[in-house]
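Notes for the one structure printed next.
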Amino acid sequence: MCYGSVSIRLYIFAHNNLRTALALRIGLKLIYAFTCARVLIPRHSSDGISPGGYVGGGHLLIVLERTDEWQIGFVFLHGRFRDIKANGLVGVKNEVGAILPAVQDGMSAINEWKDVAVLNVESSRLAKWYDQNLLLIGDAAHVMSPVGGVGINYAIQAAIVMAGIVGPALLQNSLTESHLAKVQKKRIWPTRVVQWFQGVLQKRIVRAA
């Protein structure tokens, strides 16, 4: 395919919008997953709430400070949302209030499920990060949990490795699939290590709760 005088020999993706289709073709390994129910409640100077993470009842509560609101993230193991929803909003409010009583009054502003944004978070990686004329890096190849906040660092590191291996081959018109395989080979081990570490850390958080 050509655009003017530029010949495209390789497609590189760092976004996970191709994962669903490619997982069927080259395999997806799910490490673990969890769900976060997020709500926004009014913020007042007299709330007595501090941003941070709180644990209790087998759950994790993440509190973030916004201009005039508190962002509350109620984190639980993937697959439990149906049970939690079955207990109704009152059950959610009670569980959140039990972890951090200071937010109990603010949670009274949550009256409908449409006020609750549900985000499924996973840690996973594709078995193969490349195919003919295609290379995946970052979230496209491996989704990192937000635990530890290292996802963006790993994406940047992968881009640097990719540029060092693929760039010269493209310039020399000598790119082969072995170059793409080399990128994965260099990045797969550190990816496995950090995903393992994130899994251990999350299990410890849940146990501590």
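Scanning region 91-129 for residues that are of a type in the set (K, R) and closer than 30 Å to R187 by Cβ, which turns out surrounded by the fewest Cβ atoms within 10 Å (Cβ to Cβ)? Steps first, answer last, please.
Residues of region 91-129 that are of a type in the set (K, R), as a first pass: 93, 114, 125, 128.
Subsequent filtering for residues that are closer than 30 Å to R187 by Cβ retains 125, 128.
Details: R125: 23, K128: 15.
Top of the filtered list is K128.
Residue-wise test of (1) within 28 Å of V193 (Cβ to Cβ); (2) of a type in the set (A, V, I, L, M, F, W, C); (3) at pLDDT 85 or above; (4) in contact with a Leu (Cβ under 9 Å, 6 or more places away or on another chain).
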residue: P51; (1), (2), (3), (4): no, no, yes, yes
residue: I72; (1), (2), (3), (4): no, yes, yes, yes
residue: V75; (1), (2), (3), (4): yes, yes, no, yes
residue: V92; (1), (2), (3), (4): no, yes, yes, no
Residues of region 119-167 being without any contact (Cβ under 8 Å) to a residue 60 or more places away in the chain and in a strand (DSSP E or B), in sequence order, are Y130, H142
**Prompt:** Got at least one residue in region 98-117 being out of contact with any His (no Cβ under 6 Å at 6 or more places or on another chain), assigned to a strand (DSSP E or B) and closer than 30 Å to W129 by Cβ?
**Reply:** no
Only one of (1) of a type in the set (V, I, T); (2) out of contact with any strand residue (DSSP E or B) (no Cβ under 6 Å at 6 or more places or on another chain); (3) touching a residue at least 24 places away in the same chain (Cβ under 8 Å) does not apply to V90, and that is (3)
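From D47, D83, which residue is touching a residue at least 40 places away in the same chain (Cβ under 8 Å), farther than 19 Å from E122 by Cα and over 18 Å from the mean Cα position of the chain (by Cα)? Let's see the steps before the verdict.
On the way: D83 fails: touching a residue at least 40 places away in the same chain (Cβ under 8 Å).
Exactly one residue qualifies, and that residue is D47.
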ask   = Of the residues that make up region 152-171, is at least one modelled with pLDDT under 90 and within 16 Å of F34 (Cβ to Cβ)?
value = no
Of the residues in region 106-118, those that are without any contact (Cβ under 8 Å) to a residue 24 or more places away in the chain and within 21 Å of S50 (Cα to Cα) come to S108
Taking region 93-103 and keeping residues in contact (Cβ under 8 Å) with a residue 12 or more places away in the chain and of a type outside the set (A, V, I, L, M) leaves K93, E95
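The values are calculated or read from the model by the stated rules, or taken from the named source; none is laboratory data. If you're wondering where the values come from, they're calculated on a predicted model, not measured in any experiment. Neighbour counts are summed over all protein chains in view; Cβ atoms, including those assigned to glycine, are modelled from backbone coordinates with ideal geometry.
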